[in-house]
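Encoded as structure tokens, the structure appears first; notes follow it.
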Amino acid sequence: AGIGKCVAMDLARRNARTILACRSRERGQAAVEEIRAATGNPAVVLRLLDTSSLASVRAFAGAVLREEARLDVLVNNAGVSGLPFAITSEGLEETFATNYLGPFLLTNLLLG
């Protein structure tokens, strides 16, 4: 939704292979189908990613590095605010993990 979906739509309109990294399979797949229909670009795909989980970030980055020939652009757009204080299963504060640690790790893993 929001800015991330708009960026993905624009990239798909430019005929780019576009990977939507989403926490929710249902919402992500709906966005993929909407973007494909609006742009005519079949190369829009969904990959699950929860940036609050460093294990999820590592799995996502590993899959991208294995499956994609190259990565030209990375848009880190995940973010949350106003959540009650919570600790992830990895012992990290959830908002900090989602907004900072996960995207930082993802970027560094994808740099190769």
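The values are calculated or read from the model by the stated rules, or taken from the named source; none is laboratory data. These numbers come from a predicted model, not from an experiment. Cβ atoms come from the backbone with ideal geometry, glycine included; neighbour counts cover every protein chain shown. The area values use the complete protein model at the heavy-atom level, side chains included, leaving out ligands, DNA and RNA. Shrake-Rupley method; radii C 1.70, N 1.55, O 1.52, S 1.80 Å.
VAL45: accessible area at probe 1.4 Å, nearest 10 Å²? It works out to around 20 Å². Put a plus charge on the Cβ of each Lys and Arg, a minus charge on the Cβ of each Asp and Glu, and nothing anywhere else: the dipole of the chain about its Cα centre is then about 360 debye. Taking a point 7 Å out from the Cα of LEU48 in the direction of its Cβ, the residues of the stretch 12-39 whose backbone N falls within less than 17 Å of it are 20-32.
Report the far tail of the P(r) of the stretch 3-111, meaning the percent of Cα-Cα pairs longer than 17 Å. I get 55 percent for the Cα pairs in the stretch 3-111 exceeding 17 Å. One decimal place: the segment ASN15-GLU67 gains 16.8 nm when fully extended, by the rule 0.36 nm per residue minus the C-alpha distance.
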